[in-house]
Amino acid sequence: MHWAVITAQQRPARLAVHGDSAEYEGGRKALILGKVVLVTGVARQLGGRYVRRIQRDPQVDRVIAVDAIPPEHHLGGADFIQADLRQPTIARVLAETAADTVVHLDVTATALGSGSRTSVKETNVIGTMQLLGACQKSPTVKRLVVKSSTNVYGSAPRDPAVFTETTSAKSLPSGGFAKDTVEVEGYVRGFARRRPDVAVCVLRFANILGPTAETPLASYFSLPALPTVLGYDPRLQFVHEDDVIEVLRIASHEPARGTLNSGTFNIAGDGVLLLSQCARRLGRPTVPLLLPAVTWAGSLVRTLGMTDFSPEQIRLLTHGRVVATTQMRETLGFQPKYTTAETFADFARSRGPGLLPPEAVAGAVDRIAALPFAGGHLPTQSAN
Amino acid sequence: MADAKVIPFDDDRSRGSAAQRPPRRRSAGSRRNGTESPLVREVQPLPSRPPAQDDVPVTGEEEPPEEARDDSGPGGLERRVAGGLAFLRRRLTGDYEVDDFGYDEELTDQVLMSLLRPVYEKYFRVEVKGVENIPAKGGALIVANHSGTIPMDGLMMQVAVHDHHPDDRHLRLLAADLVFMLPVVNELARKLGHTLACAEDAERLLAKGELVGVMPEGFKGIGKPFSERYKLQRFGRGGFVSTALRQGAPIIPCSIVGAEEIYPMIGNAKTLARVLGFPYFPLTPTFPWLGPLGAIPLPTKWTIQFGEPIRTDGYPPEAADDPMLMFNLTDQVREQIQHTLYKLLVQRRSVFF
């Protein structure tokens, strides 16, 4: 495995979590020279990409990558430490490495490999608690970045059409990943109160898509036919994984002039796509089902363990969710490279054509247009 | 999907002056097609053409009997079909845009408005007055009375603004949360540009310079018994006034006559309403006794009068938190609507003509 080779050649002895006082030397020196960034959740593609990217920044001296399982991808020159966030070991890792920036990416909706929902929830909530506890005791930590999700707003018909960072959800998420994020953010707020000297940045990401993104929505869009809720056409917003990496970078460094990178920010690409539009652009037919049927089918496949089509996922695909990104632009000073539509186009390219590729549909319409028609009859398909 | 991104939706340049209004109403759809679709780009701009050919066949069900229109000639027919096909192509490939609220301008202009227009023109024969009181640009809040058991008045007001305003403004209605809970209804409402009646959405729309329509009476107005027709109910808590004040948007009172009589509500099955989760369940002389036939509204003659705008930009910013001022302004708007209603009722010859 790559990580083993890399860590071995870099700092072989220091990484065993043993806690020699001599080992602090490296950390201290690093603190003076540059930043030591500790990243959790690196076994995922997103974490791996972020670790590889952040090492190229000149002000970063050392990157410590933490996850419960070894990553399958390489981590560049980062030091990998295998530690389960749910265990108190993370406190020792933090103390020994003397990290000054902690980037918590291990808040995820789905398990990596064959984990159950329970273990995901534990990693999200207990893992965050352990990490925050470790941060609170650490004198070196100066900056904390937490990956959250716009799931915290829930999706309900009584909600305003566009959520800002200060909008409180009308109906708090009752369970699943959405509830995890609400709880994680609660603990992070508590930490920020207790350690006002630490700059805390919570990034609420809209649905992350991209060629390598491994989110529930990405697997939903990979289905050959998309089950939708009859009579609802939710508004969706996406953020490209490249933009995610970039905004995480902005949040983990000192803020640029005129910007502020502590606080809570919604991160999403410009614009909105309706689910029907997504399906058409992706070229996948939709299967509209009645809401009770969708709920029932969702719980059935969940019970069978086929896929994690969770209730909050169904709510998102029923009522949709759009967030305002004014704070992201004006306070954080981040301009996403990809709009929602461009993100989706990039994702669609990586997934290959569906059953009804848009090009073929457009070609069919063009052929009808090219026909020397008699009587001027149009195809009697409904436009919507 | 690149070409749809440059759809010049709200441009004024291709749009004629007020003198051209009557043809625009029917031609808006195909003229847009004419300027945006590659298939018909080479054709003449439509204002120079006779208006009758401009009806765009958008969907199968409302395809006009084309053979009947012999004045358009083969060129016009071809263009119309090409425009329709370009529209169909964009729809089927998802190549169109919606705004943050889910407003699908293209679908509204070309399909939903043409579905509502026959009801507006032929069934209720709506007469619109004072459309010049709606500003040409910038945010404004239209406040109207609410009646008729089913919110037809909001939709008709939307058609009135869409078809009669010389600057092609679109009314963004604020709707009750019930609308967004019902399947199909919520989807159509979002695509028509409606959004939830809450201060956040209203302020966001006004800040974007949109024309926002609100009916502050809410369910109290729409679900009131027939005996109380044209008596304005309480205007909520006057939240619309503070929203307009915060954005400095003028308030335009609007009085709608005719909607009260479409479903004369003589009773309210409260238990049934509670079971179904509706705020009221109307009993009219025909509904539900005649079944679906009883759900056909009475063909009343409507008048929609937009009143003089009430300016709100002269107040200091803290005025939005002054309850006394809120109540006064709310009363002022309410009285103006009520007076106009009485005036229009006196002028009205009959309910149906």
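Separation of segment A:211-258 and segment B:108-185 by C-alpha centroid, Å? Each part's Cα centre sits 35 Å from the other's.
Among A:Gly115, A:Gly269, A:Gly333, the largest mean-square fluctuation in a Gaussian network model of chain A, built with springs joining Cα atoms closer than 10 Å, belongs to A:Gly115. In this structure, the pairs whose alpha-carbon distance is over 26 Å, taken from A:Lys179/B:Lys208; B:Lys208/B:Lys301; B:Lys208/B:Lys343; A:Lys137/A:Lys170; B:Lys122/B:Lys191, are A:Lys179/B:Lys208; B:Lys208/B:Lys301; B:Lys208/B:Lys343; A:Lys137/A:Lys170. Of A:Phe80, A:Phe238, the sequence from fewest to most neighbouring Cβ atoms within 10 angstrom is A:Phe80, A:Phe238.
Taking other C-beta atoms within 10 Å as the exposure proxy, B:Phe226, B:Phe235 rank B:Phe226, B:Phe235 from fewest upward. Comparing A:Pro173, A:Pro224, A:Pro216 in a Gaussian network model of chain A where C-alpha atoms under 10 Å apart are linked, the largest mean-square fluctuation is found at A:Pro224. When the charge dipole of chain A is built from unit charges on Cβ atoms (+1 for Lys and Arg, -1 for Asp and Glu) and taken about the Cα centre, the candidate among A:Leu355, A:Gly77, A:Gly298 whose Cα reaches farthest toward its positive end is A:Gly298.
For A:Ser168 and B:Phe327, a Förster radius of 35 Å and the Cβ-Cβ distance give a FRET efficiency of 0.80, rounded to the nearest 0.05. Given +1 at the Cβ of Lys and Arg, -1 at the Cβ of Asp and Glu and no other charges, the dipole of chain A around its Cα centre is 380 debye to the nearest 20. From the alpha carbon centroid of segment A:149-180 to that of segment B:242-289 is 30 Å. Of all the options A:Gln82, A:Gln59, A:Gln327, the one that moves most in a Gaussian network model of chain A with Cα springs shorter than 10 angstrom is A:Gln59. Ranked for footprinting exposure by Cβ neighbours inside 10 Å, fewest first, A:Arg53, A:Arg315 give A:Arg53, A:Arg315. Taking every DSSP beta bridge that has both ends in chain A, the antiparallel portion is near 5%.
All of the numbers you see were taken from the coordinates with simple rules; none came from a lab. Keep in mind it's a predicted model, so treat the numbers as computed, not measured. Every residue, glycine among them, receives a Cβ derived from its backbone with ideal geometry; neighbour counts consider all protein chains shown.
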